[in-house]
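What follows is calculated from the coordinates using simple rules that are stated; it is not laboratory data. Just so it is clear, the structure is predicted and the values come from calculations on it, not from any experiment. Here Cβ is always computed from backbone atoms with ideal geometry, including for glycine, and neighbour counts include all displayed protein chains.
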Amino acid sequence: MKKWLVCFLGLALIHSFCKAQDTIVFQTGEKDAVTVTSFGKKAINFILLDTAYSVNGDRVNYIKYRDGIRYSYKELYAKYDSANKIENIELAKDDSANFQPLHINIGIGASAIESDILNNANIPSGDLGPYFTTQPPVYSATIDYSFTRRLSFGIGVAYQSASDNPSEIFQIPNDNTVNPLELEKITRYNYSARVLYHLLKHTDLDLYAGFRGGVSMWKEQIVSNSDAASSIVFKTPVPSSYQGSYQVLIGGMYPIYPCLGLHLELGFGTPYLFEGGITFLL
């Protein structure tokens, strides 16, 4: 029941963001939530409650667009004084429009966690080592805030686990086979910060490159035990509980709705090699 309630509240929140409107503030102090459709040298055209209106620009103090950008009518006219009428689709091409500074990314991906474990245990490839039984994807979430059109800072968390048969060390004299009755679970949480440089300014597509640094927290435990008389369980050596992490990444995000987009990232380092998912634009 709680899961359904959380899902419902989440969908309602997303819907409210998607329905965000522009705001016109008049010289009298009155304000209306509207959808600005266009403006010309003397008038601003907008839709209020499904009805089209036109108001003289001298009556307007300022317009606050749904993305948070605020312009007085004089600033708009000065910026576009060469045109009689500027449609919103043209305004959207400018740096000042459709700029949502806060991005919340949720995604899944893949990493080299198996190689990290083997390298830490100093087990050469091909030699007897942990027999990995499962390796689920990386689950990640980041929050990025753009201070300018070019530069953003963010924080992120990622989680991944792997399961193996931990009997990689001889348990029975002269026997170098793994014991499939033993199962070990290894988990890694990654907490980090990142800085991104955004390459494009005049298109909907957001291409970026950046650096991510933080710390990974490792944990291992035996989740099943055969209690065999001749069996001695050896845990797989994993990196220390707190290990520094570094990543160079490139990525892109494309909005499919005013408040929702899709993103894809490629990384060199921890916590993932590639990752994709959805982006909430606020």
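Amide H contacts under 5 Å for residue 200: 207, restricted to partners 5 or more places along the chain or on a different chain, H placed in the peptide plane at 1.01 Å from N. Highest-first packing order for the peptide set 212-220, 22-30 is 212-220, 22-30, based on the mean count of other beta carbon atoms within 10 Å.
Between the amide H of residue 39 and those of 45, 86, distances stay under 5 Å, these residues lying 5 or more places away or on another chain, with hydrogens modeled in the peptide plane. Listed values for the stretch 257-262 are Karplus-derived 3J(HN,Hα) couplings in whole Hz (6.51 cos²θ - 1.76 cosθ + 1.60, θ = phi - 60°), namely 9, x, 10, 9, x, 10, and x replaces Gly and Pro. Each label was represented as a point 7 Å from its Cα along the Cα-to-Cβ direction; for residue 56 and residue 207 these points are 4.9 nm apart.
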